[in-house]
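Data first, discussion second: the structure below is written as structure tokens.
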Amino acid sequence: MKLLGLNPIATPVKHPTVQPRYSIHSAVVNSVLRRLTAGFVVALIWCAARAGDLTVFAAASLSDALKEIAVIYEKQSGDRVVFNFGASSVLARQIEEGAPADIFFSADEAKMDGLEKLGLILKETRRSRLSNSLVIVVAADSPLQVPSAHDLAGDKVKRIALADPKAVPAGVYARAYLEKARLWPAVERKIVPTENVRAALAAVESGNVDAGIVYKTDARISRKVRVTCEVKPEEGPPISYPMAVVKESSRIEAGKRFVRHLDSGEAGRVFEKYGFIVRKQR
Amino acid sequence: MMSAEDWQIVWFTAWVSALSTLVILPFGLAAGLLLARRDWPSKSGVETILSLPLVMPPVATGLILLKLLGRRGALGGFLHDTLHLDIVFTWLAVLVSLSVMSFPLLVRSVRVAFEEVNPRLEQIARTLGASDLRVFWAITMPLAARGIIAGMILAFARALGEFGATIMVAGNIPGQTSTLSLAIFQSVQLGQDSHAFRLLAVSVVLAFAAVWASEYLARRKRAPL
């Protein structure tokens, strides 16, 4: 009697003498191959048709306002706009690595500066008119009262969701605000860093954290959170949203058109509707 | 080189993976034994459910765990209300997601290990008067031990690399829930490639050791009985 060598995943072959023989008719193979090829060609054509789309890499906090603006813009211009929303820090990294972006719309100047230094954006297309403010939120049904940031340091608040304060703009702003208020050392251990600001919002909504700091515009689109404290502009860091056309873009002209539209009064009104601050044109 | 925080990440990842392997061991042994030795009408259904975490996207498994263990979830809500115990975003969440994700691998290995034990040897022991329990400990377990250990190493290795479910339930909290995979992902996103490479080197060493140990145990003596 001999023990077989153990292969932890495969089931042991009980009857080594019986070799399974699969005879697949070659016509079947051919037909499958033909279908695969046809599918592949269709996919290629589909991709080619999509190449005309304008790809916008934008901060997660902009998602609702931008989607609304794009719907109208698509009708007016005939250009199709597709978005990649995420933390600006992540998007900037992706553009650095050669991701096919036509426009970058960041939630802070630092990320755009980084790309400009690397020569990855068209300097002359860069502009920033949008601003935002920070708010402290708790879940809508939470009994917690957090009328000021000092209450975040108290015992009742055990976990605070922020976009990653090391990199993601919303988190960097929130951290700057807490540092300015000399509260950072007291709250640092309570921070739950998230992928982007919307993930911080979701963490508060789910009740898995006690409080969070997000943009006012994020709090406004959610019915599941309650704003307990609005950070006054002079207390927080200056928040600014720059946008620019990406140098490697294959659709620079269309990109410039959309940036101009985003800078227009028409788009400004939509941004204001969502709670953004639109600075007057210089 | 490696900072104190880096070593904390490596150490945390290693021990929480080891702990998860130990936690699932009794359940894995029971499930593996049942699947190897018993037949019942819904067996294939049970097999499918046990394999799900292996086949489903880890993030999907993570979502299920998040909904279950969150403060508003069925289990998480109960634990929060009765024991004031929060799981989501704590190290316990890391332990749970690693356990769930590596469980199917352990069960599969254990099952194969038990199936390979020749039932005749057990029958012979019984004819010599051994009780069922004694047969199990004196014959079945020693013969299956190698496969079980290989399965444990496989489960441990799976736990070391787990990412998708962990980031959903445990987040990536520095010094608390950050594991090797999460830390590597974050360093790359922050553009700290050299930091990522250092952690990468550690995970290569860990992975190499785990696979080598598993191969060694699987190949060692195939002595005829």
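The values are calculated or read from the model by the stated rules, or taken from the named source; none is laboratory data. From a predicted model like this one, the values you see are computed outputs, not experimental measurements. Here Cβ is always computed from backbone atoms with ideal geometry, including for glycine, and neighbour counts include all displayed protein chains.
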query: So which residues in the range A:145-180 are closer than 29 Å to B:A183 by Cβ, over 21 Å from the mean Cα position of the chain (by Cα) and assigned to a loop (DSSP other than H, G, I, E, B)?
result: A:V157, A:K158, A:R159
Count of the range B:115-150 residues which are more than 7 Å from every other protein chain (Cβ to nearest Cβ) and either assigned to a loop (DSSP other than H, G, I, E, B) or crowded, with 21+ Cβ neighbours inside 10 Å (or both): 8
- request: Tell me, yes or no, whether the range B:98-108 has at least one residue that is of a type in the set (G, A, S), within 11 Å of another protein chain (Cβ to nearest Cβ), under 25 Å from B:S181 (Cα atoms) and buried (at least 23 other Cβ atoms within 10 Å of the Cβ).
  value: no
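Which residues, taken from the range B:159-215, are of a type in the set (V, I, T) and over 23 Å from A:I95 (Cα atoms)? Reasoning before the result, please.
Filtering the range B:159-215 for residues of a type in the set (V, I, T) gives B:166-167, B:169, B:173, B:177, B:179, B:184, B:188, B:202, B:204-205, B:211.
Of everything in the range B:159-215, those that are of a type in the set (V, I, T) and over 23 Å from A:I95 (Cα atoms) turn out to be B:T166, B:I167, B:V169, B:I173, B:T177, B:T179, B:V202, B:V204, B:V205, B:V211.
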message: Among the residues in the range A:171-194, are any within 14 Å of another protein chain (Cβ to nearest Cβ), in contact with a Pro (Cβ under 7 Å, 6 or more places away or on another chain) and closer than 25 Å to B:L85 by Cα?
response: yes
- line: Filtering the range A:110-160 down to residues that are closer than 28 Å to A:A65 by Cα, basic (K, R) and crowded, with 20+ Cβ neighbours inside 10 Å yields A:K111, A:R129
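Results for (1) without any contact (Cβ under 8 Å) to a residue 40 or more places away in the chain; (2) in contact with a helix residue (DSSP H, G or I) (Cβ under 7 Å, 6 or more places away or on another chain), shown as yes or no for each residue.
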residue: A:V197; (1), (2): no, yes
residue: A:V204; (1), (2): no, no
residue: A:I213; (1), (2): no, yes
residue: A:A219; (1), (2): no, no
residue: A:V227; (1), (2): no, yes
residue: A:A244; (1), (2): no, yes
residue: A:R260; (1), (2): yes, no
residue: A:R269; (1), (2): yes, no
residue: A:G275; (1), (2): no, yes
- prompt: Of all the residues that make up the range A:116-159, how many are free of Cβ contacts under 8 Å to residues at least 60 places away in the same chain and not assigned by TED's automatic domain parsing to the domain that holds A:W184?
  reply: 3
